[in-house]
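Data block below; observations after.
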Amino acid sequence: MIKYEWRDTLSDDESTQLADLLRRAADYDAEPEYTTIEFADIAGAMASSDPRYRHLLVWMLPYATALGAADHPERIAGVIRLTVNDDGTAEASGVVDPQLRSIGIMTLLFERIGLDTSGPQGWQGTGAHIVTAWAKGNHPASGRISNRFLIARTRRVWKLVRPTASVNEAAGAPVLEPISTTALAEYPWASTLIETAGPHHALRESGRVIGAVGMDFTAVESEEFGRCATVRALAATPQADANSRRRLLNGAAALAHEAGLTGLVIHVDSDDAAWVNVCRLVNFQHDRTDVLLQLGGHR
């Protein structure tokens, strides 16, 4: 059995328990890259009394194991963190203690508190009428909960990875030129790039900028491809054909190679056929799927 409560403060013992739970969960979930929560973010939000952030703590009540073992004491089993925006939308994330998974804690929680967002005060009185949550790595528990409660899966984003070494061997690898945010603002198709941190690099063909990427050269590890750079965002003019898009992605891989990195990571919406197809043509391989779940609202 469980109990639950929305909390805006924690006792010293609860802080110790929750910090340990989230640390162990982050270590446990690092390889499959499941969703994590930083205890520092929870502690900071509670210290500042910021009303945007809400935290639902879940406790496992004392229980006994088989074969006459001693009772286990009450303990924190998980937490849900909610960020509520002024427009009634909210982003949620949740973590369960790795030692208490696969026994239905979140399922039991949602059965007890419900998932209705249509009331005047939104879900659980938080003011949230539309709640979204990314299930990073398409955690199997998220699929079970989605099926059990008919929670819509509104987006799927693929994490794709490719090596950079092949770029050095390819003839005529394109050279991308640095471009400022101010210059990008001249192109309506580049709005998603302007919203992301740089550096940004552009592909120019026949004197015109036809596409650009936002790069992050902070190395992330891939078991297969080693130290990887990440494409934070990319965009191309609507007139850019598949060959131009291929050149843009090959140029991004070349930048990563020049930075001494052996792989390149990109995240692409699975419904974006143009970019998905081009990514496949330039040797990106599927690494994981992130799924967006949504309560309330319509798309």
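The values are calculated or read from the model by the stated rules, or taken from the named source; none is laboratory data. Because the structure is a prediction, the values reported are computed rather than measured. Reconstructed Cβ throughout: ideal geometry from the backbone, glycine too, with neighbour counts over all protein chains shown. For the accessible areas, the whole protein counts, side chains as well, though only heavy atoms, and no ligand, DNA or RNA atoms are used. Shrake-Rupley method; radii C 1.70, N 1.55, O 1.52, S 1.80 Å.
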Next item on the list: Identify the single condition in (1) at pLDDT 95 or above; (2) in a helix (DSSP H, G or I); (3) open to solvent by 30 Å² or more (accessible area, probe 1.4 Å) that residue 99 does not satisfy, given that it satisfies every other one.
Entry: (1)
Notebook entry, point to check: What tally of residues in segment 34-49 results from selecting those that are buried (at least 16 other Cβ atoms within 10 Å of the Cβ) and assigned to a loop (DSSP other than H, G, I, E, B)?
Noted result: 4
Next item on the list: Output yes when any residue across segment 106-113 is of a type in the set (S, T, N, Q) and either touching a helix residue (DSSP H, G or I) at 6+ places or on another chain (Cβ under 8 Å) or open to solvent by 70 Å² or more (accessible area, probe 1.4 Å) (or both), and no when none is.
Entry: yes
Notebook entry, point to check: If you take the residues in segment 202-225 that are under 28 Å from residue 32 (Cα atoms), of a type outside the set (Val, Ile, Thr) and without any contact (Cβ under 8 Å) to a residue 40 or more places away in the chain, which one is surrounded by the most Cβ atoms within 10 Å (Cβ to Cβ)?
Noted result: 214
Next item on the list: Return a yes/no flag: does segment 12-31 have any residue that is open to solvent by less than 60 Å² (accessible area, probe 1.4 Å), under 25 Å from residue 124 (Cβ atoms), at pLDDT below 95 and of a type in the set (A, V, I, L, M, F, W, C).
Entry: no
Checklist line | Where residue 117 falls short, out of the listed (1) buried (at least 17 other Cβ atoms within 10 Å of the Cβ); (2) farther than 24 Å from residue 8 by Cβ; (3) not aliphatic (A, V, I, L, M) | finding: (2)
Check: Which of the residues that make up segment 226-239 are closer than 14 Å to residue 188 by Cα and either open to solvent by less than 20 Å² (accessible area, probe 1.4 Å) or in a strand (DSSP E or B) (or both)?
Finding: 234, 235, 236, 237
Margin query: Report every pair of residues separated by at least 6 positions or lying on different chains whose Cβ atoms are under 9 Å apart, first residue within segment 108-127 and within 20 Å of residue 53 (Cα to Cα), second of a type in the set (Phe, Trp, Tyr) and not in a helix (DSSP H, G or I).
Written below: 109/4; 113/4; 124/6; 125/6; 126/6
